[in-house]
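Report on the following structure.
The values are calculated or read from the model by the stated rules, or taken from the named source; none is laboratory data. Quantities reported herein were computed from a predicted structural model and do not represent experimental measurements. Ideal geometry is used to build each Cβ from the backbone, glycine not excepted, and the neighbour counts take in all protein chains shown. Just the protein is used for accessible areas: all its heavy atoms, side chains included, with ligands, DNA and RNA removed. Shrake-Rupley method; radii C 1.70, N 1.55, O 1.52, S 1.80 Å.
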Amino acid sequence: MPDDETRTLSPHSARLGPLPDAAAPGPAPWLLRLVMAGLVLAALNLRPAITSLGALLEEVRDGLGMSGSVAGVLTSVPPLCFALFGIMAPRLARRFGAGAVVCAGMVAIAAGLAIRPFIGGTAGFLAASALALMGIAVSNILMPVIVKRWFPGRVGTMTGLYSMALALGTALAAAVTVPMTDVLGGSWKAGLAIWGVLAAAAVLPWIALVRDRGNAPGQPTAHQRKAPALRITRSRTGWALASFFGLQATAAYITMGWMPQIFRDAGVSAGTAGVLLAVTMAMGVPLAFVIPRVASRMRNQGPIAVFLGTCGLIGYAGLYLAPAAGAWAWALLLGIANCAFPLALTMIGMRSRTGAGVVRLSAFAQSTGYLISIPGPLLVGVLYQHSGGWGLPIGLMAALMLPQMVAGVLAGRDRTIEDEC
């Protein structure tokens, strides 16, 4: 099997010496298919909690009596939760196994989405959202780790597969939340809660992996115990990757939280605004599969980061100059720009030689990156409320694309954190 050959003969393994289990048989094909199905179903549930809310943000604001600033806080909750809870993922994976952690994460997503519209008041809505986002946070961190562990010879392909599923779930939630709300009697509460069903379905494949503790992500093997622990904070590449991740997350959560409102304020109907957001997210379906495969074959991924950032700059310029007239074009361009996310995930898998390094780099880059992204959506809400228009917020979005491209060039250089640390 190609994966077994890669595991025993890869250049990365050769640099470190033979692995203790090099002669051990690989996973059974049915188990690999189960893991693949689990990855896809989990990825489908990593964004509907956010984009379904973006499609109904105006209705939620009216229903809960939120101001623009409070709505800005609401759109900043996802990266805050991802930063706070994501840092716990490596420790939880070492103690309980990655399968158990992801399974628990899917349960948390299902429960949070089902109860948040009905729990009552802004505080309850935020608390239930935080429960769902906690499940998303730990799963976010462990996706690259699980790919590195189970599919070491196909990191680009498998990253593309679950990134494509993530983009598909994101787009579906943006596109069908408003129509489903209409079908369910026009209640925004029912329109949001229905997404808990998809999360419940994602629990099923992970139940079979709950007791899988062998080679849990981040669990040291014999040769790794002898090696000193990596100090990611000493790695320039680690910081560049965290900065790139944080800036692309800023753009993504501003887009998911505010883009429908930008179009609605420009005279676009609520249904069409949701479809435009879906178009933006849907661009990630094919590109999230293509970009990791292309990036994994390149020694330097910086040119891809520059191309994606350039698309974002053009999209923001159009959103400022003619938001309604060129709405479909701007949605497409911003969708291409948002594909910086699968590029970041691919680089996480490529910037370390070992599974233990990947779990540390994934936790550091994503948690630090989400901390960096917290002020963006909140600041957009404040600027929108106090300026009375979208000129300043869009200018902020465009300005942030420049350091994102610089960070992407630095993170894309052909080096590993082991070499730097």
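Of the chymotrypsin sites (Phe, Trp or Tyr not before Pro) found in region 96-159, those that fall in a DSSP loop while having at most 14 other beta-carbon atoms within 10 Å are Phe118.
For the chain, the Cβ-based charge dipole about the Cα centre amounts to some 1360 debye (Lys, Arg positive; Asp, Glu negative; other atoms uncharged).
Relative contact order for the chain: 26 percent, from Cα pairs under 8 Å spaced at least 6 residues apart, divided by residue count.
In the chain, a dipole from Cβ-located charges (positive for Lys and Arg, negative for Asp and Glu) runs towards its positive end, and of Met397, Ala174, Leu39 it is Leu39 whose Cα lies farthest in that direction. Each Cα pair under 8 Å and six or more residues apart adds its sequence gap; the mean of these over the residue count of region 222-367 is a relative contact order of 34 percent. 3J(HN,Hα) along region 152-157, derived from phi through the Karplus expression 6.51 cos²θ - 1.76 cosθ + 1.60 where θ = phi - 60°, amounts to x, x, 9, 4, x, 5 Hz, with x in place of Gly and Pro.
Just check region 363-421 against the gyration tensor rule for me: Cα atoms, a ≥ b ≥ c as the square roots of the eigenvalues, rounded for a/c under 1.5, and otherwise prolate or oblate depending on whether a/b exceeds b/c. Oblate. Beyond 14 Å, how much of the Cα-Cα pair distribution for region 82-123 remains, as a whole percent? Result: 60 percent of Cα pairs exceed 14 Å. Debye-formula intensities of the chain, expressed as log10 I(q)/I(0) at q = 0.06, 0.14 Å⁻¹, are -0.22, -1.22 (one equal scatterer per alpha-carbon, no solvent). For region 307-383, the share of accessible area belonging to carbon and sulfur comes to 80 percent (1.4 Å probe, ligands and nucleic acids excluded). Ranked by the mean number of other Cβ atoms within 10 Å per residue, highest first, peptides 254-267, 174-187, 194-207 order as 254-267, 194-207, 174-187. In the context of the full set of protein chains, the chain has a per residue accessible area of 38 Å² (1.4 Å probe).
Under 8 Å for C-alpha pairs, at least 6 residues apart: give me the relative contact order for region 84-163, rounded to a whole percent. Reported as a whole number, the value is 34 percent.
Residue-wise HN-Hα couplings along region 88-98, as the Karplus relation 6.51 cos²θ - 1.76 cosθ + 1.60 with θ = phi - 60° gives them from phi, are 7, 4, x, 5, 5, 5, 5, 7, 10, x, 5 Hz; Gly and Pro carry x. Taking all protein chains as shown and a probe of 1.4 angstrom, Arg61 keeps an accessible surface of around 50 Å².
Computed from backbone phi, the HN-Hα couplings of region 256-265 come to 5, x, 10, 4, x, 5, 4, 5, 5, 5 Hz, rounded to whole numbers (Karplus: 6.51 cos²θ - 1.76 cosθ + 1.60, θ = phi - 60°; Gly and Pro given as x). Building the convex hull from the alpha-carbon atoms of region 299-421 and averaging its projection over directions returns 8.0 nm². Most tightly packed first, judged by the mean number of other beta-carbon atoms within 10 Å of their residues, the peptides 392-399, 79-86, 99-106, 339-346 read 339-346, 99-106, 79-86, 392-399.
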